[in-house]
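What follows is one structure encoded as structure tokens, with my remarks underneath.
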Amino acid sequence: KQQPAESAQQPSGGTTPPAAKKLSVGFSQVGAESAWRTAETKSIRSEGEKRGVDLKFADAQGKQASQIQALTSFIAQKVDVIVLAPVVETGWEVVLTQAKEAKIPVILVDRGIKVSDESLYTTLIASDFVEEGRMAAEWLAKKTNGKANIYELQGSTGAAPAIDRKKGFEEVLQKYPDMKILKSQSADFTRAKGKEVMEAFIKSDREQIQAVYAHNDDMALGAIQALDEAGMNPGKDVTLISIDGVKGAFEAMVAGKLSATVECNPLLGPLVFDTINKVRAGESVPKFIQSKDQLFEQANAAQVISTREY
Amino acid sequence: MSFLRKHITVLAGLLAYIVLYAIAAARYDGFLSLPVFVNFLSNNAVLGIVAVGMTFVILSGGIDLSVGAVMSFSSVLIGFLIMDYQWNVFAAIGASLVCGTALGAVMGAIIHKTGIKPFIVTLAGMFFVRGLAFIIHLESIAISDPKHTAIAILRLGPLPVTALLFLTFVAVAWYVAVFTPFGRNVYALGGGEEASVLMGLPVQHTRIAVYAVSGFCASFAGAALTFYLSSGSHLEGVGMELDAIATVVIGGTLLAGGVGSVFGTLIGVLMLGLILTSITTYEGMMSSGLTRVAIGALLLAFVMLQKLLTRRIAGAGRAT
Amino acid sequence: MSTEPLLVAQGVEKRFPGVHALAGVNFEVRAGEVHTLMGQNGAGKSTLIKILTGVYARDGGTITFEGRDFRPTSPGEAQRQGISTTYQELSLIPTLTVAENLCLGRAPRRWYGIDWRAMRRKAEEVLATFDLRIDVTQPLGTLSAAVQQLVAIARAVQTEARVIIMDEPTSSLDAHETELLLGIITRLKARGLGIVFVTHFLDQVYRVSDRITVLRNGTFVGTYEAAQLSRLELVSQMLGKVPEEVEPALREHSSTSRPAVVSAQGLERRGFQAFDLTIHEGEVVGFAGLLGSGRTEAARLLFGADHARSGTVNGSVPKSPRHAIAQGMAFLPEDRKAEGIFPDLSVRENIAIVVQRKLGFTLSRAQQDALAQEFVTKLGIKTPSIEQPIRLLSGGNQQKVILARWLAYQPRLLILDEPTRGIDVGAKGEIERLIQQLSQKGLAVLFISAALEEVLRLSHRIAVFRDRKKIQELTQTTLPEVMQVIAGEETHAP
Amino acid sequence: MRPKNFWPLVALAALLVFNLLFTTGFARIEFRDGRLFGTLVDIFQNGAPVMLLAVGMTLVIALGGIDLSVGSVMALSGAVAALLMTEHGLSVPMGVLAALGVALLVGAINGALVSYASIQPIIVTLVTLVMGRGLAQTLTQDQKVRFEIPAFEFIGNGTVLGLPFPVLLVAAVALGVSLLLRKTATGLYIEAMGGNPQAARLCGLRVHVIRLMAYMACALCAGSAGLIAAADIKEADVANAGLYLELDAILAVVLGGTSLSGGRANLVGSLIGATFIQTLTIMLQMRGVITEHTLIIKAIVALSVCFMQTPSFERMVRRFRPAEGT
Ligand SMILES: Nc1ncnc2c1ncn2[C@@H]1O[C@H](COP(=O)(O)OP(=O)(O)OP(=O)(O)O)[C@@H](O)[C@H]1O
Ligand SMILES: Nc1ncnc2c1ncn2[C@@H]1O[C@H](COP(=O)(O)OP(=O)(O)OP(=O)(O)O)[C@@H](O)[C@H]1O
Ligand SMILES: [Mg+2]
Ligand SMILES: [Mg+2]
């Protein structure tokens, strides 16, 4: 018989629980739709194992309702801490109120939520998607001297990273009148779609394509393949920048095909568990812990590539 | 015919559900408690309300793939009207119900008038409505409105408002299916369209009404979703049509139409909820892949068990 | 007797792609008369009825009902106006209960909605008038074709209609039920209703008809007073020629010395008593019995269509139709729509399929065409082309196509369950002659028909069934004798 | 009577003509690096997976069934092939065979459950849809499997005489299946089963076996499609490969005029349907139409093409152009 929580005792505020009891953490993950996502899952899981935590992992298969179910059952199982990677920003009030009533601290990872009462969660550990978009745009402006015809490959329609990365990027473009997004299409964050959409762009506007901005690396990698097949030198004739910084992107930069990538670090495991320990020890933590995002170019790609795990 | 024989699939489903619930209760602590069961009801209420509408469609021999999209659309519309236009909650819900019902009725009319298969019409409907929802508002909308919140936290005894809505829908739908001429016409239509025409039943009205009902249920589910999530969401409806169809069919309703019941759907919804929750949350440390494999396997096990029980009960019934 | 006409159709026209189904047909029904529509298969009877009741829209002509112009857009509307119909192809809902099928659209209501108990009582009452005492809460689809037909008739009769139309209501009924129905028709007529009746049985025509209208190939031949039209005249009007005499004699008892084609031992299933049966080369064995006596069931057990609990056929357990076919058996089922036709496939494909299966993958298109053409000619199947989907053929012609399917296979034993259902007199004669010819050439035939005379005329030997049990085999018998055996101790009034 | 496939062809032709005239770059075809290059080629190359799926789906639908699991089978076969070739060092032909074998196995499970356990096809294939992708994720441990194996990539990207290999593969499969349907009795059996399974049994058809084979054939098509999809992007993306493609495949089959209630198979129609969908998609991408509008345009166009094949439309046409010659 599985024992989700040996004692019915509730963890209260700052008191450390008896040493005999394993720390139990419920982690509600969005799903496994991208390399980035699975890297994040792996990081949290392996860090949990390393620290001997009883980690309950719930894959929501991309559905908020499943996440809420997961949270309610975590609450029913009386876990010590809940870690939530929210699939969307809205709609968390009710269930987080329940968690608060049960005195279970909630730590958000990789994306913020919109709630009227900030005390519903303890802290947010994440990257800033809008900032990523800004960084990409600034770099591109510098690289092309503020003049470029840009083709954008968007993430899934309506998804928060897609919306924010577009927003940040466009914000910066305002400053550069000669940088224009000529076409922008959703490629669902996937390599196959990225390739397909890029092919369509090439067929219609071959001569005008100067730069490509992809909301994630997978789509950029697909686009590179399409450009290669069309005999248009990616990385030289066409400047490509994308976001995430997965291993494949570094390989492409080393090969001179991808121009730059903005890292959005998924390896949040250590940071998450450090924060959990702080919270349980009663230390105060900031409301927003930004994980370090960094821009990598072809020049420094080769040094970093060996350290890439995902 | 005995009660047993007549309701055999539903009873077998219920029995199979109890067996699986018992296994889960033996395996996980605290599973066998009222709050956990209530959680099943409220967590699956949105799907359940959609599935109730879908039951009528499938009983009539049709199918409705647009429900998930209509559900999201209606939740987004409600959020949009409340937040961007400061509409009253009830007015916003009313508007979304009108839209959902009208969308359903239009699809029903297209199906009836042109003879295009429901699968295609409602698939097109799904694309259309999803596009429409994005046009209204690209992002999901958080709803913070005192009246809305007041409703969202309503409870009747242990039952939260979404669970309450779900049970009400089941009860009303059961009544409509069994005691009203409309309900019986739906069964007749599914049992034989040509025969229904020749028997002089109002086939056109019935068909249009069936899709309108489904649209109504889907948009009501959208309203329930806003209470459940306090937001209008694009994401929740994706793939919901398949879940809804699955719950209806594992509830014993024949996809060919004419045979089935609303209670079967209730069991189907609870069953799917049980499988998903126990696998994804109680079973704990598993990979996403294994989660899916386990969900599929359990679903199959349930269907097989139900088949087996049906045969057993039928055999026993005939012998006596 | 003759009063004002209720329903009058004049110069009705209907075209289907490739078929001029009705060309200027006149027809009228008066209150208090039984008006029979006669014609060969595909003459246009059902089409006329469907136009009268709003299933099809007419291409031309006028129809008046009670003096007013009548243009129903749906059967429902025709019903509300007072025309109640049973169609040729069963038009009930198999998944609903018997009671609901009777009451659908007019179920007894109370303040809370449909009153199920009252509905059941009403259904039981109505069926009692047909001597039918069945559990009305079971799904209709589980009952035999005959019972379903009775339910359909009961449904049509119980309404407040002024005209009742019945398209071949007796085609799957037995003598007893037919008697009851004819009695009911007489009573309805006395109440002043106008009744339109379609049948291919001449006896029934003369039992109840006041007038007869004959159609031939979609054209109107004439309307006659039944009393003034002899049988021979009627048939020659229908065929357009004087018919050849059908061999009337009872057949000689053939010698059983010829080898057995099929011998069944102790075939049995739940509720059906074990029976033995042997059929020899060149022999025609008839099954006789009342509705529900188990003739169909016995034949299906023999063919492996239903699963036998125990017993053997030709020394082995009957496994599936496949095996039976491999042993040279062929089976023409009684429910044409549910078990016979492939609705969307062409006439050619419907005929070729069994032969095709026998030959594996090898039948060429040209061979299929030849095969289909041969049987279309041989059986006089009326179709615009062999590529016509079978569902667009008239009922009788569909039946012929399925018969052709099995004849083409050249079986050693041909099981025919109600093969003459819905087939016109001319074709019936043809088929009987064909059966005789084939059996002379050595084909064994198992023949089931509700028409006892037919069974007697064709069979060398008759097996009688009662209450799902084979009671007796008769050779060299007479009609009264068979009827007595069928009925058991208490002799039935014929 | 109009010739078979008249309206789907008209719709496709109309779409193509529109694009050739109004979409820049659509008409251009070049010969470069030993291969044909242009949008018209892309339509077939990118559409190849859906076309393959549509071929298999036509068989299953004609039989009166449906197969929702094809997308997951794609992911599974791609993952199996990629894993075996990269981590287990299998040769390309062996890897391909193994992947197709796994696909066949899924098809056999589908067929057996539908046929022998008589569970409704939509439930059975929904279960395999969920489990198939789950299995693929488990095998790859939720990771994408990247590879650089030129011989395997050839399946997705290679050319023979300037034509993309996937296109040739689709042509070969379609030709094979259509010969099977037309020149042998298979087509007749499948359509008969779809039209009236009861009657089919009484005619001595091996109903169970035929059903089993149809689902296996469908899964085999899906497996091949999965290989193409993986080879094309040099990675097996278990989470996204074939996602929601079952709907595209069904849509293609129906646009091509095969009725979902079974009883008739129209292979050419399905291929036209798949081509139509892909043309529409590429057109919207090339014209830079935003996603929200894409969805609505797709809905309206799909409905219109289906409408063109209904009797009501036929009647409308006749009314506008009153019978000539009669
Ligand atoms: N929907 C249809 N489409 C095309 N042809 C049709 C259609 N319905 C009937 N027909 C044709 O019209 C003709 C008349 O058919 P109808 O069913 O009226 O004959 P019937 O006199 O009732 O014959 P039976 O005695 O066999 O029932 C037949 O040749 C038939 O093939
Ligand atoms: N599968 C079955 N299970 C239980 N009872 C059955 C089954 N099939 C038939 N019966 C019953 O067995 C009886 C014999 O039916 P059958 O159809 O063989 O009669 P029949 O003599 O051919 O009469 P008819 O064809 O005129 O109705 C009927 O009462 C029928 O309801
Ligand atoms: Mg007729
Ligand atoms: Mg019978």
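Quick look at the numbers
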{"item": "Qualifying positions in region A:56-97 - closer than 20 Å to A:ALA160 by Cβ, in a loop (DSSP other than H, G, I, E, B) and open to solvent by 10 Å² or more (accessible area, probe 1.4 Å)", "result": "A:GLN61, A:GLY62, A:LYS63, A:VAL87, A:VAL88, A:GLU89"}
{"item": "Failed condition for D:GLN198, given (1) modelled with pLDDT under 90; (2) surrounded by fewer than 21 Cβ atoms within 10 Å (Cβ to Cβ); (3) in contact with an Asp or Glu (Cβ under 9 Å, 6 or more places away or on another chain)", "result": "(1)"}
{"item": "Criterion violated by D:LEU20 - all others in (1) within 12 Å of another protein chain (Cβ to nearest Cβ); (2) free of Cβ contacts under 8 Å to residues at least 12 places away in the same chain satisfied", "result": "(1)"}
{"item": "Residue in region C:59-68 that is assigned to a helix (DSSP H, G or I) and more than 16 Å from ligand 4 (Cβ to nearest atom) present", "result": "no"}
{"item": "Residue match in region C:155-177 (condition: within 12 Å of ligand 2 (Cβ to nearest atom), of a type in the set (S, T, N, Q), surrounded by fewer than 22 Cβ atoms within 10 Å (Cβ to Cβ) and within 14 Å of chain B (Cβ to nearest Cβ))", "result": "no"}
{"item": "Of residues in region C:273-304 being out of contact with any strand residue (DSSP E or B) (no Cβ under 6 Å at 6 or more places or on another chain) and over 20 Å from C:MET329 (Cα atoms), the one nearest to ligand 1 (Cβ to nearest atom)", "result": "C:LEU291"}
{"item": "Selection within region C:126-139 - within 13 Å of chain B (Cβ to nearest Cβ) and away from ligand 4 (no atom under 16 Å from the Cβ)", "result": "C:ASP135, C:VAL136, C:THR137, C:GLN138, C:PRO139"}
{"item": "Residue within region D:313-320 that is under 12 Å from the mean Cα position of the chain (by Cα), open to solvent by less than 40 Å² (accessible area, probe 1.4 Å) and more than 7 Å from every other protein chain (Cβ to nearest Cβ) present", "result": "no"}
{"item": "Qualifying residue in region D:183-194 (condition: open to solvent by less than 40 Å² (accessible area, probe 1.4 Å), in a helix (DSSP H, G or I), more than 20 Å from A:ALA192 (Cβ to Cβ) and within 14 Å of chain B (Cβ to nearest Cβ))", "result": "yes"}
{"item": "Residue tally, condition away from every other protein chain (no Cβ under 12 Å) and either modelled with pLDDT of 95 or more or under 20 Å from C:GLN472 (Cα atoms) (or both), over region C:313-341", "result": "1"}
{"item": "Test for C:LEU438: is it more than 16 Å from ligand 2 (Cβ to nearest atom), under 30 Å from D:GLU191 (Cα atoms) and at pLDDT below 90", "result": "no"}
{"item": "For D:GLY65: the one exception among (1) more than 10 Å from every other protein chain (Cβ to nearest Cβ); (2) out of contact with any Asp or Glu (no Cβ under 7 Å at 6 or more places or on another chain); (3) open to solvent by less than 40 Å² (accessible area, probe 1.4 Å); (4) part of a helix (DSSP H, G or I)", "result": "(4)"}
{"item": "Within region C:40-89, considering residues that are within 30 Å of C:SER236 (Cβ to Cβ) and among the charged types (D, E, K, R), the one surrounded by the most Cβ atoms within 10 Å (Cβ to Cβ)", "result": "C:LYS45"}
{"item": "Residues within region A:112-125 that are crowded, with 21+ Cβ neighbours inside 10 Å and among the charged types (D, E, K, R), tallied", "result": "0"}
{"item": "Meets criteria (open to solvent by less than 30 Å² (accessible area, probe 1.4 Å) and part of a helix (DSSP H, G or I)) for C:LEU474", "result": "no"}
{"item": "Residue tally, condition near ligand 1 (Cβ under 10 Å from one of its atoms) and either in a loop (DSSP other than H, G, I, E, B) or at pLDDT 95 or above (or both), over region C:391-419", "result": "2"}
{"item": "Subset of region C:365-423 [within 16 Å of ligand 4 (Cβ to nearest atom) and within 14 Å of chain D (Cβ to nearest Cβ)]", "result": "C:GLN399, C:ILE402, C:ILE415, C:LEU416, C:ASP417"}
{"item": "Strands (runs of 3 or more DSSP E) lying entirely in region A:193-300 (those with 2 or more residues that are buried (at least 20 other Cβ atoms within 10 Å of the Cβ) and within 16 Å of the chain's Cα centre (by Cα))", "result": "A:239-244, A:260-263"}
{"item": "Single residue of D:VAL254, D:VAL238 found to be buried (at least 24 other Cβ atoms within 10 Å of the Cβ), part of a helix (DSSP H, G or I) and at pLDDT below 95", "result": "D:VAL254"}
{"item": "Candidates B:ILE49, B:ILE135, filtered to the one that is open to solvent by 20 Å² or more (accessible area, probe 1.4 Å) and farther than 26 Å from D:ILE250 by Cα", "result": "B:ILE135"}
{"item": "Which listed residue is within 11 Å of chain B (Cβ to nearest Cβ) and outside any loop (DSSP other than H, G, I, E, B), from C:GLN10, C:GLN88, C:GLN79", "result": "C:GLN79"}
{"item": "Residue satisfying condition, being of a type outside the set (D, E, K, R) and more than 20 Å from the chain's Cα centre (by Cα), within set D:VAL10, D:VAL102", "result": "D:VAL10"}
{"item": "Residues being within 16 Å of ligand 4 (Cβ to nearest atom), open to solvent by 10 Å² or more (accessible area, probe 1.4 Å) and small (Gly, Ala, Ser) - total across region C:432-458", "result": "2"}
{"item": "For B:GLY200: the one exception among (1) open to solvent by 10 Å² or more (accessible area, probe 1.4 Å); (2) assigned to a helix (DSSP H, G or I); (3) free of Cβ contacts under 8 Å to residues at least 60 places away in the same chain", "result": "(2)"}
{"item": "Answer residue from region C:39-76, given it is within 16 Å of ligand 3 (Cβ to nearest atom) and hydrophobic (A, V, I, L, M, F, W, C) and is nearest to the other protein chains (Cβ to nearest Cβ) among those", "result": "C:VAL55"}
{"item": "Any hit, region C:306-329, residues being within 20 Å of D:LEU63 (Cβ to Cβ), assigned to a loop (DSSP other than H, G, I, E, B) and more than 16 Å from ligand 3 (Cβ to nearest atom)", "result": "yes"}
{"item": "Qualifying residue in region C:174-193 (condition: within 16 Å of ligand 3 (Cβ to nearest atom) and touching a residue at least 60 places away in the same chain (Cβ under 8 Å))", "result": "no"}
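Every residue, every condition in (1) open to solvent by less than 10 Å² (accessible area, probe 1.4 Å); (2) without any contact (Cβ under 8 Å) to a residue 24 or more places away in the chain, yes or no:
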| residue | (1), (2) |
| --- | --- |
| D:LEU247 | no, yes |
| D:THR258 | yes, no |
| D:ASN266 | no, no |
| D:GLY273 | yes, no |
| D:LEU284 | yes, yes |
| D:GLY288 | no, yes |
| D:LYS298 | no, yes |
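The values are calculated or read from the model by the stated rules, or taken from the named source; none is laboratory data. Quick caveat: nothing in here was measured; it's all calculated off a predicted structure. Every residue, glycine among them, receives a Cβ derived from its backbone with ideal geometry; neighbour counts consider all protein chains shown. Accessible surface areas use protein heavy atoms only, side chains included; no ligands, DNA or RNA. Shrake-Rupley method; radii C 1.70, N 1.55, O 1.52, S 1.80 Å.
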